[in-house]
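Here's the structure we're looking at; comments come further down.
The values are calculated or read from the model by the stated rules, or taken from the named source; none is laboratory data. Just so you know, these numbers come straight off a predicted model, no measurement behind them. Ideal geometry is used to build each Cβ from the backbone, glycine not excepted, and the neighbour counts take in all protein chains shown.
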Amino acid sequence: MNKKCLLLAAGILLALTLGFAVHGQAQPAKDNKVNENMSLYPPYGMSPEGADYYSRLGPRQQKELGRRLFLERLWHEDPKRYKRVIKIEKLAHDYRNTRDPAKKQAVEKELRPLLDEELKAQQEETKKRLAELEKRLADMKEVLKKRDANWSEVVDHNFKEITGQTDYLDFPPLPAGLPQHQK
């Protein structure tokens, strides 16, 4: 059974890696966060092929895939935290599988501080993500305020754009390899 699960997980990771390679990415961008909550939704930033594959998995496989992607991200971004999470999983497994109360107590004594440290790291990560979202929300509100204040110019610009009156402003695209201008 364990071999089957391991082979399934390896196949899933290979399929996702190939999905990213099709889109010209060796791996997802660092700002694309993997869903640490391991919910049943595709992790943010997953390629369309990967999301399609993910949606066809059962809940148990989706949870395992989310966990594996989370561990892979940790392995790349924070090896120390990755080792801590692996140790927590091992100790939790040992705790569940032992019958000796003294050994359970020893495992618990080792597990609790590690778990406390990991949960604090997750809390800090969530606070950072929340601050980023609040900043993005404030920026969006500012853009909306400017659009409301200059509504006639917004309508004029869009009218000229959809009727082709601004085509003379479009320049040919830059050759491949040069940075592209963002609108």
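Overview of values
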read-out	value
Unmet criterion (only one of (1) in the same structural domain as LEU115 (by TED's automatic domain parsing); (2) modelled with pLDDT under 55) for ASP31	(1)
Sole residue being in the same structural domain as TYR54 (by TED's automatic domain parsing) and touching a residue at least 12 places away in the same chain (Cβ under 8 Å), chosen from LEU114, LEU71	LEU71
Unique match (being touching a helix residue (DSSP H, G or I) at 6+ places or on another chain (Cβ under 6 Å), assigned to a helix (DSSP H, G or I) and either modelled with pLDDT of 95 or more or of a type in the set (Val, Ile, Thr) (or both)) among LEU114, LEU130	LEU114
Single condition ARG60 does not satisfy, out of (1) surrounded by fewer than 12 Cβ atoms within 10 Å (Cβ to Cβ); (2) within 19 Å of LYS120 (Cα to Cα)	(2)
Qualifying residue in the range 49-62 (condition: modelled with pLDDT under 90, in a helix (DSSP H, G or I), closer than 23 Å to LYS128 by Cβ and not hydroxyl-bearing (Ser, Thr, Tyr))	no
Unique match (being assigned to a helix (DSSP H, G or I), basic (Lys, Arg) and surrounded by 14 or more Cβ atoms within 10 Å (Cβ to Cβ)) among ARG67, ARG96	ARG67
